[in-house]
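Working notes, structure below.
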Amino acid sequence: MSARPLIALTTSELRRPEDVVARPQGEPPKLEVALATLYPEAIERAGGIPVIVPLLRADAIAALLDRVDGVCLPGGPDVQPSAYGEEPHPELGPTEPRVDAVELALVKAADRRKLPILGICRGMQLLNVARGGTLHQHLPDAVGNDLQHRQPEHGCITTHHVETAPHSRLRAALGGPRLEVNSFHHQAIKTLGHDLTATAWAGDGTIEAVEQPDERLILGVQWHAEGLRAHAPLFEALIEAAAAATATPAATPRRLTGARRASRAGVSRDARRLAQAAG
Ligand SMILES: [Mn+2]
């Protein structure tokens, strides 16, 4: 049986001590990383093993990415506009520049290693910024308020639809030209980053999904796919791509025994690490 792919799952939210509820028998409130459990659950259900990534220094990011097979970027706070050369808009939400720096470095390191990436909500926006794209800091300024992109309903409820591009991975994964999605964002992609193409749009023209139009799986969706069971195929696509990226066909002929296969895979992985040591 082949190894289950390891997926680096970043943590984009920090909870300040003043935002943490003190429990009578608990530890005193302190700075915490926060991540909805829906993300690791979706990765595990799709066949991967989530590796939850805290704030790391650059050398640790490189060392981590040498050992994982794919990346998932979750939702979270607004991206600091200085990351794409803009001044803050009055409606900009709270930002976490330290988290931005770690995640932007992680995307660039993943790109150097050609790892598959799935970005969700902020994750898609961050992927776009890492590739040199820009964001609408407050979407109503660009498209008005006819369509509610910040729904009050629970994440398992869909509130608007998107039209998908023909021949896109997105349409292939989820089927059909029209998808029902949830929506929890007040920012959106303004200009696309390099090697990204839009593959879904809301009725008001908002870009709701991006991908890289080549063999490598780079997928971003503006909605919270981790909360929609019908969108599990997006996580399955990530795991499949991660498994394929790690497999080295020449090193794993079918007739090898399990032990020899593991040993060969170890050798090829070490070679891959050496080759990528510069990155
Ligand atoms: Mn939306």
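The lone criterion from (1) surrounded by fewer than 17 Cβ atoms within 10 Å (Cβ to Cβ); (2) closer than 30 Å to Ala241 by Cβ left unmet by Leu73 is number (1). Answer yes if at least one residue in region 108-121 is more than 15 Å from the chain's Cα centre (by Cα), surrounded by fewer than 16 Cβ atoms within 10 Å (Cβ to Cβ) and in the same structural domain as Val210 (by TED's automatic domain parsing), and no otherwise. Within region 108-121, one or more residues are more than 15 Å from the chain's Cα centre (by Cα), surrounded by fewer than 16 Cβ atoms within 10 Å (Cβ to Cβ) and in the same structural domain as Val210 (by TED's automatic domain parsing). Hey, any hits in region 169-182 for a residue that's near the ligand (Cβ under 10 Å from one of its atoms), in a strand (DSSP E or B), among the hydrophobic types (A, V, I, L, M, F, W, C) and farther than 15 Å from Gly133 by Cβ? Yes: region 169-182 contains one or more residues that are near the ligand (Cβ under 10 Å from one of its atoms), in a strand (DSSP E or B), among the hydrophobic types (A, V, I, L, M, F, W, C) and farther than 15 Å from Gly133 by Cβ. State all residues of region 86-103 that are touching a helix residue (DSSP H, G or I) at 6+ places or on another chain (Cβ under 8 Å) and crowded, with 18+ Cβ neighbours inside 10 Å; if no residue qualifies, say none. Of everything in region 86-103, those that are touching a helix residue (DSSP H, G or I) at 6+ places or on another chain (Cβ under 8 Å) and crowded, with 18+ Cβ neighbours inside 10 Å turn out to be Leu92, Asp100, Val102, Glu103. When the test is whether a residue is modelled with pLDDT of 95 or more, buried (at least 24 other Cβ atoms within 10 Å of the Cβ) and within 16 Å of the ligand (Cβ to nearest atom), Gln125 passes it. Counting the residues of region 1-48 that are under 15 Å from the mean Cα position of the chain (by Cα) and assigned to a strand (DSSP E or B) gives 6. Would you confirm whether any residue within region 192-202 is touching a residue at least 12 places away in the same chain (Cβ under 8 Å), near the ligand (Cβ under 10 Å from one of its atoms), not hydrophobic (A, V, I, L, M, F, W, C) and not in a strand (DSSP E or B)? No: zero hits.
Here's the yes/no breakdown for (1) closer than 19 Å to Pro5 by Cα; (2) surrounded by 15 or more Cβ atoms within 10 Å (Cβ to Cβ); (3) outside the structural domain of Arg67 (by TED's automatic domain parsing); (4) at pLDDT below 95:
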residue	(1), (2), (3), (4)
Lys190	no, yes, no, no
Gly193	no, yes, no, no
Ala200	no, yes, no, no
Gly203	no, no, no, no
Leu219	yes, yes, no, no
Ala230	no, no, no, no
Phe235	yes, yes, no, no
Leu238	yes, yes, no, no
Leu256	no, no, yes, yes
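Going residue by residue through region 66-84, is there one that turns out to be in contact (Cβ under 8 Å) with a residue 60 or more places away in the chain and over 20 Å from Ile120 (Cβ atoms)?
Here is the first cut: in region 66-84, the ones in contact (Cβ under 8 Å) with a residue 60 or more places away in the chain are 66-79.
Of the ones still in play, those that are also over 20 Å from Ile120 (Cβ atoms) are 66-67.
Taking every residue of region 66-84 in turn, at least one turns out to be in contact (Cβ under 8 Å) with a residue 60 or more places away in the chain and over 20 Å from Ile120 (Cβ atoms).
The set of residues from region 203-226 being more than 11 Å from the chain's Cα centre (by Cα) and away from the ligand (no atom under 16 Å from the Cβ) comprises Glu211, Gln212, Pro213, Asp214, Glu215, Arg216, Leu217.
Looking at Ala58, Ala46, Ala83, Ala62, which is the one that is touching a helix residue (DSSP H, G or I) at 6+ places or on another chain (Cβ under 8 Å) and modelled with pLDDT under 95?
Ala58
The values are calculated or read from the model by the stated rules, or taken from the named source; none is laboratory data. Worth saying up front: this structure is predicted, and the values here are computed from it rather than measured. Note that we place each Cβ from the backbone using ideal geometry, even for glycine, and neighbour counts take in every protein chain shown.
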